[in-house]
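Right, one structure below, let's go through it.
The values are calculated or read from the model by the stated rules, or taken from the named source; none is laboratory data. Everything numeric here is computed off the predicted structure, so don't read it as measured data. All Cβ positions, glycine included, derive from the backbone under ideal geometry; neighbour counts span all protein chains shown.
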Ligand code: ACO
């Protein structure tokens with residue numbers, strides 16, 4: 001059975017750099033608070049009207065496709081991971097297919113937030129292994145700046161997130177190097193919906209408060225059509241992401257190391273075998289905690305949240321692309337991708353480049 005290899009990789013971040021001090025215009029915060037708690041110095045915000053989640057995904061995809069030595073016409077399946085789609089429906093996959101004038105291939109959107117790209121990669125890997133597709137485009141892209149609460153009320157969330165996109169082209173390979181198989185060795189996916197509301201955006205949604213301890217709006221009084229999205233929701237600022245930061249932190253620092261070790265243990269590998277760990281860029285403190293727990297050296301972990309903030313589904317492919325462009329990943333190197341986020345969902349992929 002073939003394995004999947006990353007044949008091409010690309011990233012795109014908007015030109016507009018927003019540093020921590022720039023946020024003082026909108027909210028009561030400080031560069032010191034943000035850097036100390038998250039490690040973030042600056043992030044990129046997309047152009048309000050000219051850039052969307054899809055257009056950023058297209059830019060990253062163009063680079064990945066070119067580096068794979070193929071054209072957009074050769075792509076035979078698209079998997080697009082995002083939590084900030086251009087439309088509530090249809091998904092960004094079809095918008096990318098249209099924008100890149102691709103054939104009438106299948107397009108699938110993945111809504112797994114921070115672990116979305118690793119989940120998408122895992123789905124693509126299965127299609128490649130079974131021989132169903134030969135050139136799958138996997139994209140992670142987010143335009144967070146469009147949907148955050150930039151008042152002081154929303155500062156615990158809004159300072160963390162940034163915009164950008166990353167993409168890879170997956171192709172089949174049977175290659176080995178020094179007797180070691182190349183490509184994706186395995187992927188590992190998990191979820192625990194018990195705390196789904198801890199890191200969530202409730203609206204627009206059909207929940208009608210079923211899962212929420214604190215009712216958001218008075219649904220008993222709601223008119224037909226109001227339940228999905230109402231004026232009350234907007235008035236009460238119930239249209240923004242909600243996060244219990246400390247609860248997320250506690251779970252993340254357990255599940256990140258667990259899913260990385262699961263990937264290594266599956267192949268009888270040690271942390272010392274890892275050339276590079278690419279953790280989802282949730283928060284520098286989480287990455288540092290994971291690094292310490294696994295006793296990894298600084299050169300074994302790639303972080304770039306300082307420059308780009310947390311770009312959710314885009315963070316793993318952006319970090320992977322940057323690390324590759326910086327020459328940190330060479331043929332034959334063992335690389336682990338790992339992510340944890342809303343759901344909760346968490347995942348890892350272990351690959352030999
Ligand atoms: N600027 C200044 N003060 C702030 C800000 C801000 N941007 N945000 C919150 N505060 C204040 C709060 O109002 C609070 O003030 P108070 O003590 O007077 O009430 C104080 O700082 C502490 O608030 P907490 O929410 O308890 O802040 P905490 O120390 O937990 O830090 C953080 C928040 C950074 C989010 C932290 O909980 C954390 O690291 N959580 C991990 C979750 C995470 O990183 N999520 C990223 C996205 S999810 C993902 O990718 C998996």
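A few remarks follow.
- Matching residues in the stretch 285-299 - criterion: being part of a helix (DSSP H, G or I) and crowded, with 18+ Cβ neighbours inside 10 Å: 286, 287, 290, 291
- Of residues in the stretch 149-166 being near the ligand (Cβ under 9 Å from one of its atoms) and within 19 Å of the chain's Cα centre (by Cα), the one nearest to residue 245 (Cα to Cα): 157
- Residue pairs meeting the criteria (Cβ under 8 Å; at least 6 apart or on separate chains; first touching a residue at least 60 places away in the same chain (Cβ under 8 Å), in the stretch 24-38; second near the ligand (Cβ under 6 Å from one of its atoms) and assigned to a helix (DSSP H, G or I)): 27/155; 28/155; 29/155; 37/285; 38/285
- Unique match (being over 25 Å from residue 53 (Cβ atoms), away from the ligand (no atom under 15 Å from the Cβ) and at pLDDT 95 or above) among 143, 134: 134
- Of the residues making up the stretch 119-133, one or more are within 18 Å of residue 11 (Cα to Cα), crowded, with 23+ Cβ neighbours inside 10 Å and in contact with a helix residue (DSSP H, G or I) (Cβ under 9 Å, 6 or more places away or on another chain).
Residue-wise test of (1) within 17 Å of residue 9 (Cβ to Cβ); (2) more than 16 Å from the ligand (Cβ to nearest atom); (3) in a helix (DSSP H, G or I); (4) in contact (Cβ under 8 Å) with a residue 60 or more places away in the chain.
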position: 87; (1), (2), (3), (4): no, yes, no, no
position: 98; (1), (2), (3), (4): no, yes, yes, no
position: 139; (1), (2), (3), (4): yes, yes, no, yes
position: 170; (1), (2), (3), (4): yes, yes, no, yes
